[in-house]
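A.B. asks: A single structure is presented below for examination.
Every number here is computed from the coordinates shown, using simple stated rules; none is lab data. Worth saying up front: this structure is predicted, and the values here are computed from it rather than measured. Counting neighbours? That spans all protein chains shown, and the Cβs are built from the backbone with ideal geometry, glycine included.
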Amino acid sequence: MKNLIAVLMMLVTPFTFSQSGKESCILGKTAQFNRLKKLTEINYPGDPKYDVKYYKLDLTINHTAKTISGNITCNAKAVQSGVTEIYYDFISSMIVDSVFFNGNNVTFSRGVNTVNIQTGTTLNTDDEFTTVVYYHGTPASGGFGSFMFSSQSGNPLIWSLSEPYGAKDWWPVKDTPGDKADSADIWLTVSTSLTPVSNGNLMEVVNNGNGTHTYKWKVSYPIAPYLVSLAITNYALYTNYYHYSPNDSMPVTHYLYPSSLNSNIPQLNKTPGMIEIFAERFGEYPFINEKYGHAQFGWGGGMEHQTISSMVGFGDGLIAHELAHMWYGDNITCKDWHHIWLNEGFATMGEGLVYEAWNGKGAYNNYINNEMNYAKYAVGTIYVQDISSEWEIFDSYRTYSKGCVVLHMLRGIVGDSTFFDILRTYTYDPSVAYGNATTEDFQAVAENVAGMDLNYFFQEWIYGENYPKYSVVWSKNSLGGNRFDLALKITQNTNSNPSFFTMPIQIKVNFLSGDTIITVFNNAQVQNFNVTVASEPISITVDPDNWILKTINSVVVGVEEEIQPQTFSLEQNYPNPFNPNTKIKFNLASNEFTTLKVYDVIGKEIATLVNNQMEAGQYEVTFDASNLPSGVYIYSLNAGNFKETRKMILMR
């Protein structure tokens, strides 16, 4: 799911923003939630006494009266003994007319947003039963909309969006993502002027001879309650096909408002190609015997309803994001909302993979760099601590951006080939496929495929907070025969949870004749490394391919001298004027917290080159002004009570 609240959040950050699927998915959800949220109504995780096997929704939707009526059949199996009462989550404002249990009309009562059913018999473990609940009323529009009566171009528009707790606002259900029905039927009766769209395959359209018709949709794969959906208006249908073998294809059906269909066809035509991209990287489309498609609706974003994503528009990012959810979110659904990053982080990563497939690694890197910028605003753990709040569950910076970046970092640790092996293995793993997963389930797959212990990684990034901030001091020492010892000292700022981050860090070592990449495994807050290289190092670059969510406070050259500097000093940069790089040297007479910053001529901070506690010594820092215009710049050193400022000229 992506909505527009994320757009608003990100527009107040100092980054250039272009709307993606993730942001659209989040924004509409939270905007309406701000107006309609009813946290006291959340009842999670549903009645634990039974396991749902099948739902049938047989509903008549009256767009004039803005009501629904009908019945919900549920086949289930008891998972406890001595059961004489069960309940479904169902908003109190809806009217229950009658309830049948195994064909018998039984007694029921209403709780706070529940319908409590007397079984009339005692159920024991594995006993199967069937209930039918008849009801009517005007559905609630809580959460991110739940069930809405609206209009488009003067025509009725009805739609649902049940994530995370909204299914109960319009039908009696065990409203938890952790209990999927094995299959479902969704029968929708509406005016013949309208087309009702839902999950799965359309099996039959029945003209009822009274100005209404019934569309019978059938879901043959497991489905979580929040993914059951309807979208109804005077749709125009456009169909293209995903060819998954030389002789087989799956329909990709697009239900759009008639006024907007033609202008969106070029975008809709990109969908089959995106399915191919994800099928190659994730495994085959998981609902291949049904369909994929889109239903345009009135919410400000997109929602990954199983096999038929509800969409406000059809930008590349939004199409990719909701499509990626078919694998991660719909096929494999987070077991509970604590682990929502397994849905949204994966779908956000999916956007970047489409850009990579279309435009190469550079496009992917740009996308990830933006997500990293957003992720730095994340507060708290990716594991959602408070699942009573939609704001917490669907926090854009944390659940979406940082969740995506975690997958990117995992890709960096294990390598491309192994990373996509992990994703495909996860897709097909029988313990989670068409079911539910926790972070630990995904971790187990990743460790098994990669053949390495990744517990440190998941513990610090999913259950920890913030990100590492590195300071690096390096020096070189000739070993003779053109061999050099490269000495590295890596220091991390103190963090709270974890106190420091354990990560493999790539270091690019630059020589006059080329460069090489070395990797050090940094598992201490202050750590020294010595690496032998086959030429004289000229400079180094920390994490050159941006695999780590981080800030680099400083990378400086430490010069060993017999006599330590006796005074503080800041030297003139060299060369000066420069284009685009220049070196800045400074001396520290004692251990001090030191900053070296660059400003433009009106005093706006341009860059922080050093920001760390540093030992006495002589240092050299390289300033890269590749992205700056020509002009005069000011650099300022602060170390204890010492402060000095100098000017430098960038001349292109």
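A.B. asks: Taking Cα atoms of region 569-650, Rg/Rh with Kirkwood Rh, to two decimals? Don't jump to the answer; show the numbers that get you there.
C.D. replies: On the way: Rg = 12.2 Å, Rh = 12.8 Å.
Reported Rg/Rh, Kirkwood definition of Rh: 0.96.
A.B. asks: Can you list residues whose amide H is under 5 Å from residue 614's amide H, if they're 5+ apart or on another chain and H is modeled 1.01 Å from N?
C.D. replies: Long-range HN contacts for residue 614: 592, 593, 594.
A.B. asks: Another question, then. Can you work out the base-10 log of I(q)/I(0) for region 224-265 at q = 0.20, 0.24, 0.30, 0.34 1/Å, using the Debye formula on its C-alpha atoms alone?
C.D. replies: -0.78, -0.86, -0.96, -1.08
A.B. asks: Out of every Cα pair in region 237-462, what percent are spaced more than 33 Å from each other?
C.D. replies: Summing the P(r) tail past 33 Å for region 237-462 gives 13 percent.
A.B. asks: Around residue 478, under 12 Å between beta carbons, what's the net of Lys plus Arg minus Asp minus Glu among the other residues? Before the final figure, lay out the partial values.
C.D. replies: Working: positive: 476, 483; negative: 485, 536.
Here the count lands on 0.
A.B. asks: Sort 336-346, 187-197 by packing, meaning the average of other beta carbons within 10 Å per residue, with the highest value first.
C.D. replies: 336-346, 187-197
A.B. asks: Quick one: of the DSSP bridges fully inside the chain, what percent are antiparallel, nearest 5? List each step's numbers first, then the result.
C.D. replies: Numbers: 152 of 176 bridges.
That works out to approximately 85 percent antiparallel.
A.B. asks: Moving on to the next point. For region 492-635, what size does the Cα cloud have along each of its three principal axes, sorted from largest down, in whole Å?
C.D. replies: 40, 36, 35
A.B. asks: Something else: Thinking of region 157-211 as a set of Cα atoms, what percent of all their pairs are more than 14 Å apart?
C.D. replies: Numbers: 974 of 1485 pairs.
Result: 66 percent of Cα pairs exceed 14 Å.
A.B. asks: Find the all-direction average of the projected area of the Cα convex hull for region 372-417, expressing the result in square nanometres with one decimal place. All intermediate terms of the calculation are to be shown ahead of the outcome.
C.D. replies: Details: hull surface 13.9 nm².
The directionally averaged projection comes out at 3.5 nm².
A.B. asks: Hey, another quick one. Please state, as a whole number in µm²/s, the translational diffusion coefficient that the Stokes-Einstein equation yields for region 165-312 at 25 °C and 0.890 mPa s, with Rh defined as the Kirkwood radius across alpha carbon pairs. Display every interim value, and only then the final one.
C.D. replies: Values: Rh = 16.3 Å.
Here the translational diffusion coefficient equals 151 µm²/s.
A.B. asks: Can you give the net charge of the other residues whose Cβ lies under 14 Å from the Cβ of residue 71, counting K and R as +1 and D and E as -1?
C.D. replies: Values: positive: 56; negative: 58, 97, 185.
Cβ neighbours under 14 Å give a net charge of -2.
A.B. asks: If I stretch the segment between residue 511 and residue 589 completely, what's the gain in nm (0.36 nm per residue apart, minus their alpha carbon distance), one decimal?
C.D. replies: Additional length available on full extension: 25.0 nm.
A.B. asks: Taking just the alpha-carbon atoms of region 338-487, what radius of gyration and Dmax come out, in angstrom?
C.D. replies: Values for region 338-487 (Cα only, Rg and Dmax): 18.0, 65 Å.
A.B. asks: Just rank 284, 304, fewest to most, by other beta-carbon atoms within 10 angstrom.
C.D. replies: Values: 284 16, 304 28.
Least crowded to most crowded, the residues run 284, 304.
A.B. asks: Round to the nearest 0.05 the FRET efficiency obtained for residue 453 and residue 75 when R0 = 45 Å and r is the Cβ-Cβ distance. Don't skip to the end; give the middle numbers.
C.D. replies: Values: r = 43 Å, r/R0 = 0.95.
It comes to 0.55.
A.B. asks: I'm checking a number: the convex hull volume of the Cα atoms of region 119-159, normalised per residue, in Å³. What is it?
C.D. replies: Values: hull volume 6.4 nm³, N = 41.
Cα-based convex hull of region 119-159, divided per residue, equals 155 Å³.
A.B. asks: Take the Cα gyration tensor of region 247-369, multiply each eigenvalue by 5, square-root it, and list the three semi-axes largest first, rounded to whole angstrom. Display every interim value, and only then the final one.
C.D. replies: On the way: eigenvalues 86, 63, 51 Å².
Those come to 21, 18, 16 Å.
A.B. asks: So if the hydrodynamic radius of region 50-234 is defined as the Kirkwood radius over C-alpha pairs, what does Stokes-Einstein give as its diffusion coefficient at 10 °C and 1.306 mPa s, in µm² per second?
C.D. replies: Values: Rh = 16.7 Å.
Estimated via Stokes-Einstein, D reaches 95 µm²/s.
A.B. asks: To continue, here is another question. Find the Cα radius of gyration of the chain, compare it with 2.2 N^0.38 Å by division, and give the number to two decimals. Could the numbers behind the result be given before it?
C.D. replies: Numbers: Rg = 29.2 Å, N = 652, 2.2 N^0.38 = 25.8 Å.
Taking the Cα Rg and dividing by 2.2 N^0.38 Å, one obtains 1.13.
A.B. asks: Per 5 Å bin, what percent of the C-alpha pairs of region 84-133 does each bin hold, from zero upward?
C.D. replies: That works out to 5, 21, 32, 22, 13, 5, 1, in percent per bin.
A.B. asks: At 222 nm, what value in deg cm²/dmol follows for the chain if DSSP H runs of at least 4 each add -39500 (n - 2.57) and the sum is divided by all its residues, to the nearest 500?
C.D. replies: Details: 12 runs with 135 residues, N = 652.
Computed ellipticity for the chain at 222 nm equals -6500 deg cm²/dmol.
A.B. asks: Measuring from the lowest to the highest alpha carbon on each principal axis, how far does region 291-336 reach, largest first, in angstroms?
C.D. replies: Largest first, region 291-336 extends 28, 20, 18 Å along its Cα principal axes.
A.B. asks: Using a Debye calculation, one point per C-alpha and no hydration shell, please list log10 I(q)/I(0) for region 469-558 at q = 0.21, 0.22, 0.24 Å⁻¹ in order.
C.D. replies: Log10 I(q)/I(0), no solvent term: -1.01, -1.09, -1.27.
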